[in-house]
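The values are calculated or read from the model by the stated rules, or taken from the named source; none is laboratory data. Everything quoted here is computed from the prediction, not taken from an experiment. We place every Cβ from the backbone using ideal geometry, glycine too, and count neighbours over all the protein chains shown.
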Amino acid sequence: MKVAENINPPYHSIDLPDLFRVEEWQDEIPWQPFVNGEHIFILAGEQRDQNALRSRGAFTINPPGTVHGVSSKAGTIVLVIYEKPVVFL
């Protein structure tokens, strides 16, 4: 994947760094209701955007209206759930 040029700087997102082991750190999470947005679960590999490099087991929720790009040097497999229409640039 190629990171898009001329995209917005870092934005607020919700990150769960290792969802496979959430029972070990669930009390550290500032739990709140889910919000509308893009939900990304990294199943294999790693993926980078302007906020962070995320690895297998990471779960991220990006709010509606954000513009961001992702890249992966070695490749990644992700589960992405969109709640609204998405425009790919």
**OP:** Give the number of residues within region 71-84 that are in contact (Cβ under 8 Å) with a residue 60 or more places away in the chain and not in a strand (DSSP E or B).
**Re:** 1
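In region 1-19, how many are assigned to a helix (DSSP H, G or I) and either modelled with pLDDT of 80 or more or more than 15 Å from the chain's Cα centre (by Cα) (or both)?
In the first step, residues of region 1-19 are kept if they are assigned to a helix (DSSP H, G or I); the result is 19.
Checking which are either modelled with pLDDT of 80 or more or more than 15 Å from the chain's Cα centre (by Cα) (or both) leaves us with none.
Here the count works out to 0.
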Subject >> Single unsatisfied condition, Ala52 versus (1) at pLDDT 80 or above; (2) surrounded by fewer than 14 Cβ atoms within 10 Å (Cβ to Cβ); (3) out of contact with any strand residue (DSSP E or B) (no Cβ under 6 Å at 6 or more places or on another chain) >> reply: (2)
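Every residue, every condition in (1) among the β-branched types (Val, Ile, Thr); (2) at pLDDT 90 or above; (3) in contact with a Pro (Cβ under 6 Å, 6 or more places away or on another chain); (4) outside any strand (DSSP E or B), yes or no:
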| site | (1), (2), (3), (4) |
| --- | --- |
| Ile42 | yes, yes, no, no |
| Thr60 | yes, yes, no, no |
| Pro64 | no, no, no, yes |
| Gly69 | no, no, no, yes |
| Val86 | yes, no, no, yes |
